[in-house]
Structure formats: structure tokens, C-alpha cells
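Visitor: First, the structure itself, so that you have it in front of you.
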Amino acid sequence: PEYLAEFNAKIDAGGFIEAKDWMPEAYRKTLVRQISQHAHSEIVGMLPEGNWITRAPSLKRKAILLAKVQDEGGHGLYLYAAAETLGVSRDELTEALLSGKAKYSSIFNYPTLNWADIGVIGWLVDGAAIMNQIPLCKCSYGPYARAMVRVCKEESFHQRQGYDLLLQMMKGTEEQREMVQDAVDRWWFPSIMMFGPHDKDSVHTDSARWGIKRISNDDLRQKFVDATVKQAEVLGVSLPDPELKWNEARGHYDFGVIDWDEFWNVVGGHGQCNVDRLAARNKAWDDGAWVREAAIAHAEKMAERERQAA
Amino acid sequence: PEYLAEFNAKIDAGGFIEAKDWMPEAYRKTLVRQISQHAHSEIVGMLPEGNWITRAPSLKRKAILLAKVQDEGGHGLYLYAAAETLGVSRDELTEALLSGKAKYSSIFNYPTLNWADIGVIGWLVDGAAIMNQIPLCKCSYGPYARAMVRVCKEESFHQRQGYDLLLQMMKGTEEQREMVQDAVDRWWFPSIMMFGPHDKDSVHTDSARWGIKRISNDDLRQKFVDATVKQAEVLGVSLPDPELKWNEARGHYDFGVIDWDEFWNVVGGHGQCNVDRLAARNKAWDDGAWVREAAIAHAEKMAERERQAA
Amino acid sequence: MTQTSVQTVVASAEHIEYVMRLGDNALILGQRLSEWCGHAPVIEEDLALANMALDLVGQARLLLTHAGNLEGKGRDEDQMAFLRVERDYRNVTMMEVPNEDFGRTTVRNFLYSAFQILLWQKLATSSDTELAAIAAKSLKEARYHFNHSAEWVIRLGDGTEVSHTKTQAALDYLWPYTAELFAANPTDEAVSAAGIGPAWGELEADWEAMVLPVFAQATLVVPARTPFKSFGKFGRHSEHMGHLLATMQYMQRTYPGAQW
Amino acid sequence: MTQTSVQTVVASAEHIEYVMRLGDNALILGQRLSEWCGHAPVIEEDLALANMALDLVGQARLLLTHAGNLEGKGRDEDQMAFLRVERDYRNVTMMEVPNEDFGRTTVRNFLYSAFQILLWQKLATSSDTELAAIAAKSLKEARYHFNHSAEWVIRLGDGTEVSHTKTQAALDYLWPYTAELFAANPTDEAVSAAGIGPAWGELEADWEAMVLPVFAQATLVVPARTPFKSFGKFGRHSEHMGHLLATMQYMQRTYPGAQW
């Protein structure tokens, strides 16, 4: 109770909770869930983009994509590290992902079907992720907030690269422009679903009180839509929503009805790639078991040899 | 001794030995070795050509190639059946192949590197095989001889298809003609090595006495070279042997020195594909173990159910 | 005859799409089956799988030639097979997912050949006489594919514990993709109204009546339907398709215009 | 400087081929390593393998650009990387064989990075100053690849029984392909005589001195040399190469002339 008051005071003052600080169990649990989901998303997110590395159409783009996917793995690593400060192990978290118990961002259950998807993921998916994540750079849990500072910086870079890829394609052949439009048509609604259900349908109100979630889903989504419409115009693509138009009164863009059935179907495991994504992660893990075991066995041998030499 | 006299008499009269007939153990062993090697060659031979099925450049050629490789599997099957008449089981023979104990034709340890290889294998490799095999249609062991009649008929068909593929390519673009020439350059010497060592260096003299091998290696090779030079001219490719020229006195084509070191290296397991070929066969066998076990288990269940119902 | 000829000349977009879909199913499944060549569990199955692949490539040739004729832009079977972009292929997604193992390959052959039997039976009386002729020929082939794969489904499902597990996993994986076969769409409606062929959705009950008893005999459990949707027949494929095409189209893409 | 410039302008066929060989080694091994992305045994290795792939793709860009300049026909890095036919690639065969598993991937990285260290060291003083600059940059990368893979070779070789067996199998598979690195040929002779770079055969003893102790520490047995020969650096590749190229070249072949 005394601790709780102190905890609340620190949060209200906009201070950071650190790993060694006392925190309510529910706060800890919420953070573990959110940070690990975020970490899993980075790891699973390597798959749809990784799908195009071997077919990248130029060496420059191959290098950029490799570096990007590598960054995502890196984000996964330091997010797992942030989660570990809360007293869970990476193996536990991995196990939860592989068994399907833990969630990851549903967006990665959509397939990457043409090269422009790589650009659109950078532009729209990373763009939406950044909108979601910038407030987290000031969230109440210090290790998470600091991880997000780094993540956001790199994601912004990725977003610009994605947009640049699309600009290049839009300057190209008719076929290239068609690819971009096709990719935008497929990714637009999934991207704006990334902000989650409408505020009226949303749970997790504790997150707001605890200073983990500082801006509402709908506000973030609106901000994203407003920013993106102009970028789409510059690019010269149309967004696949006939109801998308400027609302002078609101000072924002209105947009059409989101198919939340689809959203929940994908969250529930029935998206186009849920099964393949988890299978790919499980295969990587199972195929790699002998490698991890060898590393442990070798480390033990070395330790034993040192003991004997001592 | 009495049996042996009868056996020898039948052979000398050009008659067929049948599965139930008495035969010398050495004759049986020689036949098992030769027939099973031949069967293994058909099975391993599916791999270099199978390598191009998924990339065949037209649907017609894809169909022809599929049918051809299927035929080879069929040859393998009835050659195994012919070997089984001599009292060995297919599992034993398969085991000998997979462990590397049994040999198969060394020609299949060369890689297929461009689409023209498919045509050249039909023209040169099947062509050489036919030369080797036609005499076997009259070999002294009935089941083998009858199998070879069917094999030779189908191989002749394959040879014509291969030659036709090359004719089509030679009528095509410069790049296509280059592919054909490249393939001929790589397959010519391996093909004429298929007749085996020169007669002066050859063993297996019993085979001749027993009516298994009726024409010598060098005679067959000469016959093949003589026939092929003209086909090469029609095709418009050069054969990669500067010493190849008509010898009026002999009434045959002379040809250059064969690199028997290479031949024995490949026979000895050190060709370009020996390891990959055996690995592919072993993988197919190992991956398929559960399927074969299921078939046996199911058959036993069915038999058991019938017994119980009876 | 006269009526059909007229129809052929002024084929509707739906008619062309319907035939292309059939052709692409044959093409893509044929491609997948041909990957087995030389790698099957026993030689007999090497032959059987190659034989099925051969049947399907043969069907693809007839169907894509016909689709090209209906389209009237002078595209031959190879231009249709090798020179379209991914979005223009109309095969159902199930055809393009990887073979994985003999279990998945067998269950897919079984699921699809049952569907084919029903479809070819209906198409044998198509107002498109060319399509009807192809259907009559293909029906015999589909029956062989069905019988052969049904026997294996039973052997594998009711074989060992391992084979049961693997085959159940194959069925669990493939079953959601079968919903795509029967999904309603304007193409089917138009084609059905024109007497060219059935809307595929009409075949679902008969198809279940063909496949469910075999799974029961194989002691396999058919999963419940889920909201999973795939869209291959509308041109939106899975990530597997691009890799398949990279291999299949490679020669035609690399040597444009060459004759083989 | 003047001398080098002149040399660059009238580069010999051997000089170009030598640089292309280096570029193709980087390109093809980079391609293979990039296949791992998202599929490694632990995330740390996902990053490490992607990092090595990235280094190699970077080297390929510099080397193929340089080769294109030496050639003087206006081919840029992408034309070099994506628009040659198989026979014109000059990588050693070892680069193109499949990854198979983490063991083979690791042993290959180890074998090749040791070779690279020696080669880049020599090339740092090449009379081709552009090549010398690339060598200086690449040497640092090769050292990291070597250290990282050497540690893993030891861990895997001297780990569990399973890891020992798999890693020994990887070494048995790859070792024969290493002979190709050192095989004498006119290109190396000419390049060596011109002071552009070493004949690779000169590096064999030093290379063995680098790799053998690590294998010993890893309790792995280096196989005896056999008469096996591979010919990738002469343009005669393995059956694996065509499949790799079908994937790698697909976009450039399908959309000729497009800029990305």
C-alpha cells in the first residue's frame, strides 16, 4: 500500500519505473504481455519480408532489405531483454510463441505477394507501428521506454526506405505501378486495423492509468490516416476506400467502415498465413535444437575443463 | 556336372536359361550383379533428368520428359523383377545401392547443367545404352533378355525424342545453339566411356562364354562413334575431339584418347555428383520409411480383420 | 454446333476465366507433383505420381490452349502457362502449397480428384463442346487419381501411429483451403447461367459425400470449418506461388521468344 | 597511379575474370546465407548470418561494379549479378551448394572466410588500386566471419554426439570442394604475373595452417584428398546453381529493363 502510493505518484509525475522498483503484479503482467507480444511481432515479422530477400530485384535493394530484416531481429532481441527485466525468461516467451499461446501482431499473417509489398510494409505497416510506438518512448516502464526510443528511430529509417522503394517503382513501368497499387490495395485496411479496435470496443483501460498507453486507438488511427493520405497523393496511388475524404468540419479525413470480422478472424488464428508463420518459427526452432544443445554442451565441457585445470 | 553340361549345351545352342533351370552359381552371381546394376542405373538415372522437369521450357517438353523419366522408373521396376527371379529381394538390392556397395552407371554422376543436356542425354547417353543393350535382348538369361526387349524399344523412342529436342534448339537462337554445343562438349567423352574399358583392359570374360555379353566393348564403342558422327553433322554440332576423323583403311572413324583416369575416378565415387546422387536416393528412402511402414501395418491390420471375420 | 461456335468466338470474360481456372489447377498441381520425380517413398509411387503429373500437364495443355482460343489474342498454351504474372493465375490456393511430405501430397490429390470427378461429370455436357470433350477425357484420369489416392489415404490414416499423425496433420492443413473451391463468385454464376459449367458451390454436398466416408475409414477426423479464406482462384495467391513460378517460368523468362 | 589507370582501361580478360570470380563468390555465398533469414537456430544467429550475407552482398556490389568497369561494356552491378547465363558465373562450386543445415553453413563460412582473409591480405597491395581498396574493407569483414564461424565449428564439433556427427558430415561434404579453390589455371597465372593478385594455389599452405588447428580443436577429422574435381570457377557449375539462379534472377528476367 505504501509502495503502491509511491508507484502511483511516480507514474503521475511522469517518472520511469525501473526493473528493481516495486510494481503491482497486474502492471508487471500487462507489461510482460505487451513487450513480449511486441518482441514476437518483430521475430515473426522477419518472415513476410524475408520471403523476398532471395528474389530482391537489385543488389542495393537486397542489401537494404537484409539490413532491415536484421534490424527487426535486433528489435526482437532487445525487447526480449526488456521483458526479461520483469522476471520472465526468453525460453518461456519463445515457448509461448511457438505453442500459439502468445500473440504477435496480426499484420504479419498477411502474405507478401509482390516486390512492392516490401515497400508498402515499410511505408504503411512500419508507419502505423511508429504511430503506435512513439508514445511508448515515454511510457512509464523505463527499460521498455528506452528500447522503444531505439526501435522508433530505426523504424523511421525503414519507413523512409520503404517509401523510397515505392517512389522508384511509381517512376517505372506500367507493370511496376500496378504492383504498387496492388500492394496498397491489400495492405491498407490491415494497416489501419493495426491500431486495434475502436475506443468504444477497447479494453485494457489500466494501461492508460499506468502510463503504458498514452493515446487512444482511434486518435492514433486518425493521425495515421491524416498523414498517409497526403503521402499516397505524392506517390500517385489510390487508397482502396471510396469513403475516404477530407472532413473540413472535423479537420480530419473520414474513412470507411473497417471489417472487424476479418480482424478478429486473423487474431483468432484464421488469417491467410497464421498456420504457415507458426510452422516456420517452429521448424526453425526444432531444426536448430541440436545447435543450441551443442552450444550448451560445449560450454559445460569448457567450464568442466577449467575446473579441472584449476 | 550333368546339369552343367546341359546348361552349357543350351547356351551354346543360343537357347534361353529360365529362372527354374539349374545354373552355375557364378552365372547367377554375374547376372544378379549386372541386372541389379542396370536397375540401379535406371533409378539413379531419374535424378539428372528429373532435375529439369520443373523448369522444362514448354508444356510439351515437360510432358515428354515426365513420361521419359517415368519410363526409366518402369525399367528399373522390371529389371528388379528380373533380378528377383534369381533369388534376391528388392530390399537387399536397394540396401546395396543406398549403402554405396552396389554400382550404377557412372554416366549419371555427371550433372545436367542446361536444358540441352536433356536432349543430349537422350541422343548420346540413351544412344550408347541402346548399343550396349541390343545384344542383351538375345542374352542367355530369358527374363533378362525379355526385359531388355521392352527397355530397348522404349529407349529408342527416347533417343529419337532427345535428338528431336536438339534439332529444335539448333533451329533456334544463338543462345540455344550454344547450349547444345556446351552440352555435347560435356557429354561426349562420358558417353563413349559408357562402353567400359578397352577390350585389352577388360575383365569379365566369363560373360562372353555364358552368352551374357556377346559383343566386345571396343566393337560397340566403334559402332556408336560411327553412327553418331553423322548424326552430329546433321545436327550441326561439333564433337569435342580433334582426332575424330574418318579412316578409309579401317572403314571406321578414329577417335582420340579417352581419359580413363577420369572414368575410374567417377567409378570410384569421386565424380561430380556421386555424393549428391546417393544422398538424394537415401533421403527419398529415409523420408519414405514411414509410408512403407504404414502400408505394411495397414495390410497386416486388414489381414487380421479378415481372419477375425472368418 | 452452330450455337457453340458462336459462343466460342464471343466468349465472355467469365467463360475464359472459368476455363483458365481449370487449366491453372491442372498446371500448378501438375508442377507440384512433378517435383516428386525420383524422390518418392517407393518406385511404384514415383511412377504413380509422375503419371498423375503427366495427366495434369496434359489437361493443362488442352485447357490453356482452349482458354487462349476463347480469349482470341493469339496466346498459345506456353504463353498462357509461362508468361503470365502471378495475379493472372486462377488456380485455387490448395494447388500451390508445398508438397511437404507424401501425406500432404496424397491428401491433396484425394481432395482434388474427388472434386474433379464431380466437375468433369458435369462438364461432359457443357454447352462448350470443346470443354465437354476435355472433360470426358479428364474424367477417366480423375477416377484413377481418386482411387489411387483414396487407397493411400486409408493406408496412411489407418496404418501406424506415425502415419496417422502425419496424415491427420496434412488433412488439418489442407481442409481450410478446400473452402475456396466452393466459394461463390460472379464468374461461377455467369458460367452456370450460360450452361457452360456448374457453379462449383453446387458440388460441395456431393464432394463431402465422396470424401467423408474415406476419411472415416482412414480413422481421420475432418476439422470443423473456420473463417479461414484463401483467394487463389481470384488471383490472390499464397507466398508459395511466387517461388513456384520463379522455377516454372525461368526458361521462358530468360529466353523470350525462343521455341523449344 | 598512372600505371594502374592504364591497366584499368585496358584490363586483360584474366584480370576481369579474376575480379568477377571474387564478386561471384561474394554474390552466391551472400545469396545462400540470405536464405537463412528468419530460420536460424537462435535469433543471435539470425542476426549474424544476415550480417554476413550483408557484408557479402556489399562486397559483391563493389567487385561486380569494378569488374563491369574493367570490362568497359557498360554493365552495372545488377546486370552483372542478375543477367548473366549460368556458364558466365565464376564462383567456386562450394559457394552454391545448398545450406543443408547450420553445420554445413557454418563449416562453409569457416573454410571460405579463412581463404578470404589470406586473399584480401594479399590483394590489399594489388596493383589494381580499386581492388586493393575493396580488399582492405573486406578484410575486416572476413576476420569477423572467420572468428564467428570458427567458434561455432568448435562448439558444434566438440558439443554433443549429434552435433559432432552432423558437423563431421558437413566437413566431409565440403572438403572435396575446397580443392577447386587452389586448382591452377591460366587466369591465376596471368593475374599473378601482372601483380594484380596471388594465384590462389599459393595460399593453400597458409590456409591449411589456419583451418586445420580449428578442426583439431573441434575434434573433427579432415578427410584425405580425393581425385574429386569441381569446376565452378571455370563456369561449369553443379546442378544446384541453376535453381539458385532461377530464384535470384527471377525479377530481373521477368521485368527486363525496369529500375528498382
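Visitor: Restricting attention to the stretch B:153-178, which residues are touching a Leu at 6+ places or on another chain (Cβ under 9 Å) and more than 13 Å from B:Gly122 (Cα to Cα)?
Guide: B:Met170, the sole residue that qualifies.
Visitor: Also, quick follow-up: Looking for something touching a helix residue (DSSP H, G or I) at 6+ places or on another chain (Cβ under 9 Å) and either over 30 Å from C:Gly159 (Cα atoms) or among the polar types (S, T, N, Q) (or both) - is there at least one such residue anywhere in the stretch B:279-297?
Guide: yes
Visitor: Would you confirm whether or not the stretch A:40-47 contains a residue that is of a type in the set (A, V, I, L, M) and either away from chain D (no Cβ under 11 Å) or in contact with a Leu (Cβ under 6 Å, 6 or more places away or on another chain) (or both)?
Guide: Within the stretch A:40-47 (the criterion being of a type in the set (A, V, I, L, M) and either away from chain D (no Cβ under 11 Å) or in contact with a Leu (Cβ under 6 Å, 6 or more places away or on another chain) (or both)), the answer is no, since none of the residues qualifies.
Visitor: Follow-up question, since we're still on this one. Check A:Glu154, A:Glu178 and return the single one that is within 14 Å of another protein chain (Cβ to nearest Cβ), part of a helix (DSSP H, G or I) and closer than 26 Å to A:Ala208 by Cα.
Guide: A:Glu154
Visitor: Among the residues that make up the stretch C:230-252, is at least one of them aromatic (Phe, Trp, Tyr), part of a loop (DSSP other than H, G, I, E, B) and either without any contact (Cβ under 8 Å) to a residue 60 or more places away in the chain or over 23 Å from C:Asp172 (Cβ atoms) (or both)?
Guide: no
Visitor: Follow-up. Residues of the stretch B:107-125 being open to solvent by 10 Å² or more (accessible area, probe 1.4 Å) and under 20 Å from B:Met148 (Cα atoms), which ones?
Guide: Hit for the stretch B:107-125 is B:Phe108, nothing else.
Visitor: Here are some residues: C:Ser138, C:Ser149. Which one is free of Cβ contacts under 8 Å to residues at least 60 places away in the same chain and open to solvent by less than 30 Å² (accessible area, probe 1.4 Å)?
Guide: Criteria check complete, one pass: C:Ser149.
Visitor: Kindly indicate the residue of the stretch B:183-235 that is among the hydroxyl-bearing types (Ser, Thr, Tyr) and surrounded by 15 or more Cβ atoms within 10 Å (Cβ to Cβ) and also farthest from B:Trp22 (Cα to Cα) among those meeting that condition.
Guide: That would be B:Thr228.
Visitor: Next question. As an exercise: evaluate A:Ile64 against (1) in contact (Cβ under 8 Å) with a residue 60 or more places away in the chain; (2) open to solvent by 10 Å² or more (accessible area, probe 1.4 Å); (3) outside any helix (DSSP H, G or I); (4) among the β-branched types (Val, Ile, Thr) and give the number of the one condition it does not meet.
Guide: Going through the list (1) in contact (Cβ under 8 Å) with a residue 60 or more places away in the chain; (2) open to solvent by 10 Å² or more (accessible area, probe 1.4 Å); (3) outside any helix (DSSP H, G or I); (4) among the β-branched types (Val, Ile, Thr), A:Ile64 breaks only (3).
Visitor: Moving on to the next point. Can you list residue pairs whose Cβ atoms sit under 9 Å apart, with the first residue in the stretch A:293-310 being more than 15 Å from D:Ala218 (Cα to Cα) and the second being of a type in the set (Val, Ile, Thr) and part of a helix (DSSP H, G or I)? Count only pairs 6 or more apart in sequence or on different chains.
Guide: Here the result reads A:Glu293/D:Val162, each pair linking the stretch A:293-310 to a residue that is of a type in the set (Val, Ile, Thr) and part of a helix (DSSP H, G or I).
Visitor: Additional query: Restricting attention to the stretch D:176-192, which residues are open to solvent by 10 Å² or more (accessible area, probe 1.4 Å) and either under 13 Å from D:Glu204 (Cα atoms) or of a type in the set (Lys, Arg) (or both)?
Guide: If the condition is that a residue be open to solvent by 10 Å² or more (accessible area, probe 1.4 Å) and either under 13 Å from D:Glu204 (Cα atoms) or of a type in the set (Lys, Arg) (or both), then D:Ala179, D:Phe182, D:Ala183, D:Ala184 are the ones that fit.
Visitor: Further question on the same structure: Could you tell me whether any residue of the stretch C:146-153 is away from every other protein chain (no Cβ under 14 Å) and either assigned to a loop (DSSP other than H, G, I, E, B) or not small (Gly, Ala, Ser) (or both)?
Guide: yes
Visitor: OK, next. Please name all residue pairs, on different chains or six or more residues apart, with Cβ atoms under 8 Å, provided the first residue is in the stretch D:117-129 and is in contact (Cβ under 8 Å) with a residue 40 or more places away in the chain and surrounded by 22 or more Cβ atoms within 10 Å (Cβ to Cβ) and the second residue is of a type in the set (Val, Ile, Thr) and in a helix (DSSP H, G or I).
Guide: D:Leu123/D:Ile134; D:Asp128/D:Thr4; D:Asp128/D:Thr8; D:Asp128/D:Val19
Visitor: Let me ask you something else. Being farther than 18 Å from B:Met46 by Cα and facing chain C (nearest Cβ under 9 Å) is the filter here, so list the residues in the stretch B:60-89 that pass it.
Guide: B:Lys60
Visitor: Let me ask something else. Would you point out which residue out of C:Ala40, C:Ala50, C:Ala13 is modelled with pLDDT of 95 or more and under 19 Å from C:Ser138 (Cα atoms)?
Guide: C:Ala50
Visitor: Anything in the stretch D:154-197 that is charged (D, E, K, R) and either closer than 22 Å to D:Ala26 by Cβ or assigned to a helix (DSSP H, G or I) (or both)? List them, or say none.
Guide: D:Arg155, D:Glu161, D:Lys166, D:Asp172, D:Glu180, D:Asp188, D:Glu189
Visitor: Report, by residue number, each residue of the stretch B:135-166 that is in contact with a helix residue (DSSP H, G or I) (Cβ under 9 Å, 6 or more places away or on another chain) and either on the phi > 0 side of the Ramachandran plot or open to solvent by 60 Å² or more (accessible area, probe 1.4 Å) (or both).
Guide: Once the filter is applied, which keeps residues that are in contact with a helix residue (DSSP H, G or I) (Cβ under 9 Å, 6 or more places away or on another chain) and either on the phi > 0 side of the Ramachandran plot or open to solvent by 60 Å² or more (accessible area, probe 1.4 Å) (or both), the stretch B:135-166 yields B:Lys138, B:Arg146, B:Val149, B:Arg150, B:Phe157, B:Arg160, B:Asp164.
Visitor: For the stretch C:1-119, give me every one of the helices (runs of 4 or more DSSP H) that falls completely inside it and has 1 or more residues that are within 13 Å of another protein chain (Cβ to nearest Cβ) and of a type in the set (A, V, I, L, M).
Guide: Those helices (runs of 4 or more DSSP H) span C:13-34, C:43-71, C:77-82.
Visitor: Can you give me the number of residues within the stretch D:211-248 that are more than 14 Å from chain C (Cβ to nearest Cβ), within 20 Å of the chain's Cα centre (by Cα) and among the hydroxyl-bearing types (Ser, Thr, Tyr)?
Guide: The total comes to 2.
Visitor: Any chance you could count how many residues in the stretch B:85-115 are in contact with a strand residue (DSSP E or B) (Cβ under 9 Å, 6 or more places away or on another chain) and closer than 30 Å to B:Arg186 by Cβ?
Guide: Of the residues in the stretch B:85-115, 2 are in contact with a strand residue (DSSP E or B) (Cβ under 9 Å, 6 or more places away or on another chain) and closer than 30 Å to B:Arg186 by Cβ.
Visitor: Another question, if that's okay. Select from the stretch B:236-262 the residues that are in contact (Cβ under 8 Å) with a residue 60 or more places away in the chain and open to solvent by less than 30 Å² (accessible area, probe 1.4 Å) and write down the one among them that is farthest from B:Pro190 (Cα to Cα).
Guide: This residue is B:Val237.
Visitor: Mind listing whichever residues of the stretch B:89-106 are surrounded by fewer than 18 Cβ atoms within 10 Å (Cβ to Cβ) and farther than 30 Å from D:Thr93 by Cβ?
Guide: B:Ser89, B:Arg90, B:Asp91, B:Glu92, B:Glu95
Visitor: Under 30 Å from C:Glu77 (Cβ atoms) and within 14 Å of another protein chain (Cβ to nearest Cβ), is that true of C:Ser192?
Guide: no
Visitor: Here is a check on your reading of the model: is B:Gly162 within 14 Å of chain C (Cβ to nearest Cβ) and in contact (Cβ under 8 Å) with a residue 24 or more places away in the chain?
Guide: Yes: the conditions hold for B:Gly162.
Visitor: Based on this model, can you work out whether D:Phe215 counts as open to solvent by less than 10 Å² (accessible area, probe 1.4 Å), outside any loop (DSSP other than H, G, I, E, B) and either among the β-branched types (Val, Ile, Thr) or in contact (Cβ under 8 Å) with a residue 24 or more places away in the chain (or both)?
Guide: Criteria met by D:Phe215.
The values are calculated or read from the model by the stated rules, or taken from the named source; none is laboratory data. All figures in this text were calculated on a predicted structure; none of them were measured in a lab. Neighbour counts are summed over all protein chains in view; Cβ atoms, including those assigned to glycine, are modelled from backbone coordinates with ideal geometry. When the accessible area is computed, the model is the full protein with side chains, heavy atoms only, and any ligands, DNA or RNA have been set aside. Shrake-Rupley method; radii C 1.70, N 1.55, O 1.52, S 1.80 Å.
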